[in-house]
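J.: Got a structure for you, written out below as structure tokens; questions coming shortly.
Nothing in this text is a laboratory measurement; each read-out follows from the coordinates by a stated rule. Just so we're clear, the structure is a prediction, and the values are computed from it rather than from any experiment. When we count neighbours, we look across all protein chains shown, and the Cβ atoms used for this are built from the backbone with ideal geometry, even at glycine.
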Amino acid sequence: MKRTAYIGQLTPTHAGQTVTLQGWVNRRRDLGGLIFLELRDRSGLVQVQVEPDSLAFAQADQLRAEYVAEIEGVYQARPEAQRKGGSADYEVIAGRVRVLNTAKTPPFELDRGDSVAEDIRLKYRYLDLRRPEMQRHLLLRSAAVAAITSFLAGEGFVQVETPMLTKSTPEGARDFLVPSRLNPGEFYALPQSPQLFKQLLMISGMDRYYQLARCFRDEDLRADRQPDFTQLDMELSFVDQEDVLELNERLMAHVFRETLGVELSLPFPRMTYHDAMDQYGSDKPDLRFDLVFHDVTDLFRGGEFKAFADAPCVKALVAPELTRKQIDELERVAKQNGARGLAWLKRDGMAFTGGISKFVSEQADALMTATGVPEGGTLLFSAGPWKTAVSALGAVRLALRDLFDLAATGSAYHVSWVTDFPQLEFDEDSNTWTYMHHPFTAPHPDDVALFGTERQGEIRAQAYDLVLNGFEVGGGSIRIHDPVVQGQMFQAIGFTPQQAQEKFGFFLDALTYGTPPHGGIAWGFDRLIMVMTGASSIREVIAFPKNNRGVDLMAEAPSPVERSQLADIGLHLIETD
Ligand code: ASP
């Protein structure tokens, strides 16, 4: 079998030539004694015409949708009257047709893949993946891997694989555990990330490491999460934050250029965590559109409207004219995100109407000046403790984006950095301090002295996130390389030296043998490809994903196992409701 070209490689210069193509029958139509086939391969579709008196006819007549065929014929321009412009102006006049294989009638029409229930698509994923859209996703993904690999090799990075069966790495999720048959009663954890190993590689003198690493986190699933997912993981020695950001900017620009032909402008804008939250209500703000918050706390301080008078924070957002129904919907969003409600005002000339207008006559002028709300526009307010107030309004901001298609007006891709995350976060549930990124992240050198004081919540981390169109597509930090500081960090999050030793003894030991200053980042690779392709979920860019209940519907995993297998690993199942 000799394919002369992929369908997508055929150009007008092939006109008049005999070509051999291999692929699947996308569609068959019979018209006026002729058979018209659409042949599909990874790269495209072409129409094939089979004439009734040709040698090819008998074979072609057997072909049905999704049969596998080899077609030899002359590539030529279609008659003038049938041309529409582009590659569809050419067709193949079949000289010889070989049926390479038959196919059962597919359980869904591949052409209608978008409207088919996702569960059916996932059950027959191998058919779903034949669809041009899915092939485009996987091809772009593969091109991105190639771009990353060649770029990093050129920058002196070494690719190293780290273990899958290992010990817990703290990234804030639950571990997937694997029982050990050889060591009854003991378990491996699948890595939540290669964090400890990549730092160990820096201690080993590897200097620059990367890996497209499979990571495992047992958490509740959403459209942009999977229990096993891929990170582009990297670590560099003798660097500061600036070095890591600069290299990643060049890498990201390279990937966009090589895969999409899109030029990103460098350097990427930067915003501190505090400003991102304060102005956009999110630590991953979608900056394709502006819609920035206005701080109006002082305008209401001690005023007539009691709910705002003594609130620690009141923020306002200028929205277009909204219907009552839209306001109700936005209020629901605000409440889902922790707000008690969503106060609003509509500008009518030099006054406000609706919502809380009864209470704001004193502030009307000042509010108009502070927010710039135009005639007919709506002001939306959120009040409360700073983080609650801004987060709730941040969710409203995104709901407005979706309602009015606000992101469509900006550039298609907006990449930025969010920096200076807090080192520690207070967890109300357990009443303890915990790490915000992971416990190996280095604090800002000016803030180290705050460990163990009542101001430790103010410690800034040398941590950064890469944000694309409102998605966190990467996150990393400069790491602690001083064992004393590492000890302070463990103490701050309530680990006794014994507990730290039990969990990470091997790593803490290694830190004492000459650790270079180092730092790194990991990109959420699936999520990046999702945004780059415009897909609606990361399941669309992973060849064989799990559904939102964590089930692989095609392979039927997870599944029960034989009793004997359980016995081998010393496990006994107990009934639960
Ligand atoms: N290990 C981190 C993560 O998975 C990334 C990093 O700090 O490099 O989020």
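J.: Using a basic spin-label model with each label point 7 Å from the Cα along Cα→Cβ, how many nm lie between Ser150 and Glu375?
T.: My value for the distance between the label points is 5.7 nm.
J.: If you find the alpha carbon centre of the range 480-508 and of the range 289-320, how far apart are they in angstrom?
T.: 42 Å
J.: Of the options Tyr67, Gly86, Ala117, report the single residue whose Cα projects farthest towards the positive end of the charge dipole of the range 46-155 (beta-carbon charges: Lys, Arg +1; Asp, Glu -1).
T.: Ala117
J.: Working out 0.36 nm times the residue gap between Gln336 and Met350, then minus their Cα-Cα distance, what length gain in nm do you get to one decimal?
T.: In short, 1.8 nm is gained.
J.: In addition: Quick one: Cα centre-to-centre distance for the range 134-202 and the range 517-577, in angstrom?
T.: Distance between centres, Cα-based: 14 Å.
J.: A follow-up question, please. What full-extension length gain, to one decimal in nm, is calculated for Thr432 and Ala366 as 0.36 nm per residue of separation minus the Cα-Cα distance?
T.: 19.6 nm
J.: Follow-up. Give the residue from Gly487, Ala343, Ala543 lying farthest towards the positive end of the charge dipole for the chain; charges sit on Cβ (+1 for Lys and Arg, -1 for Asp and Glu) and the dipole is referred to the Cα centre.
T.: Sorting the options by dipole projection puts first Ala543.
J.: Once you order the gyration tensor axes a ≥ b ≥ c over the Cα atoms, which shape class does the chain get: rounded for a/c under 1.5, otherwise prolate or oblate by comparing a/b with b/c?
T.: Here the chain falls in the oblate category.
J.: Arranged by the count of other C-beta atoms within 10 angstrom, fewest first, what order do Thr13, Thr20 take?
T.: The most exposed by this proxy come first: Thr13, Thr20.
J.: Here's another thing I want to ask about it. R0 = 22 Å: FRET efficiency of Asp482 with Glu246, Cβ-based, nearest 0.05?
T.: Efficiency computed from Cβ-Cβ geometry: 0.35.
J.: Turning to a different aspect of this structure: Compute the long axis of helix 241-260 from its Cα atoms, compare it with the longest principal axis of the Cα atoms of the chain, and write down the angle in degrees, 0 to 90, nearest 10.
T.: Helix 241-260 and the main axis of the chain meet at about 20 degrees.
J.: Tell me, how many Å apart are the Cα centres for the range 52-86 and for the range 333-367?
T.: A separation of 66 Å, based on Cα centres.
J.: Note down the relative contact order for the range 319-430 as a percent, whole number, built from C-alpha pairs under 8 angstrom at least six residues apart.
T.: 30 percent
J.: Based solely on its DSSP helices, what 222 nm [θ] is calculated for the chain when runs of n ≥ 4 H residues each add -39,500 (n - 2.57) and the sum is averaged over all residues, nearest 500 deg cm²/dmol?
T.: Calculated at 222 nm, the ellipticity per residue is -8500 deg cm²/dmol.
J.: So what's the net charge close to Glu246: Lys and Arg +1, Asp and Glu -1, counting the other residues with Cβ under 12 Å from its Cβ?
T.: -3
J.: Work out from phi, with θ = phi - 60° and the Karplus expression 6.51 cos²θ - 1.76 cosθ + 1.60, the ³J(HN,Hα) of each residue of the range 120-133, listed in order in whole Hz, and give x for Gly and Pro.
T.: Rounded to whole hertz, the list is 5, 4, 6, 5, 10, 4, 4, 7, 4, 6, 6, 5, x, 5.
J.: Compare the peptides 391-400, 76-85 by average per-residue count of other Cβ atoms within 10 angstrom and give them in order, highest first.
T.: So the peptides 391-400, 76-85, ranked by packing, come out 391-400, 76-85.
J.: Could you size up the charge dipole of the range 77-148 around its Cα centre, putting +1 on the beta carbon of Lys and Arg and -1 on that of Asp and Glu, and report it in debye to the nearest 20?
T.: 280 debye
J.: Follow-up question, since we're still on this one. Please arrange Trp24, Trp433 by how many other C-beta atoms lie within 10 Å of their C-beta, fewest to most.
T.: Final ranking by Cβ density, sparse to dense: Trp433, Trp24.
J.: Over the range 303-377, what is the relative contact order in percent, taking alpha-carbon pairs closer than 8 angstrom and at least six residues apart?
T.: Computed over the range 303-377, the figure is 34 percent.
J.: Let me ask something else. With only Lys, Arg, Asp and Glu charged, each at its Cβ (+1 for the first two, -1 for the last two), find how big the charge dipole of the chain is about the Cα centre; round to the nearest 20 debye.
T.: My answer is approximately 1780 debye.
J.: Any idea what the relative contact order of the chain is, in percent, if you count C-alpha pairs under 8 Å spaced at least 6 apart?
T.: Across the chain, relative contact order equals 13 percent.
J.: Something else about it: Would you mind counting up the charge near Thr378? Only other residues with Cβ under 9 Å from its Cβ, with Lys and Arg at +1 and Asp and Glu at -1.
T.: Combined, the nearby Lys, Arg, Asp and Glu give +1.
J.: To continue, here is another question. Evaluate E = 1/(1 + (r/R0)^6) for Ser559 and Thr496, where r is the Cβ-Cβ distance and R0 equals 35 Å; express this FRET efficiency to the nearest 0.05.
T.: Rounded to the nearest 0.05, the efficiency is 0.30.
J.: Right, something else. Could you tell me which trypsin sites (Lys or Arg not before Pro) in the range 180-247 are loop residues by DSSP with no more than 15 other beta carbons within 10 angstrom of their beta carbon?
T.: Arg181, Arg222
J.: Report, in degrees rounded to the nearest 10, the 0 to 90 angle that the Cα long axis of helix 324-336 makes with the longest principal axis of the chain.
T.: Approximately 70 degrees, to the nearest 10.
J.: What order do you get for Ile574, Ile120, Ile478, Ile7 when you list them from fewest to most C-beta neighbours inside 10 Å?
T.: The most exposed by this proxy come first: Ile574, Ile120, Ile7, Ile478.
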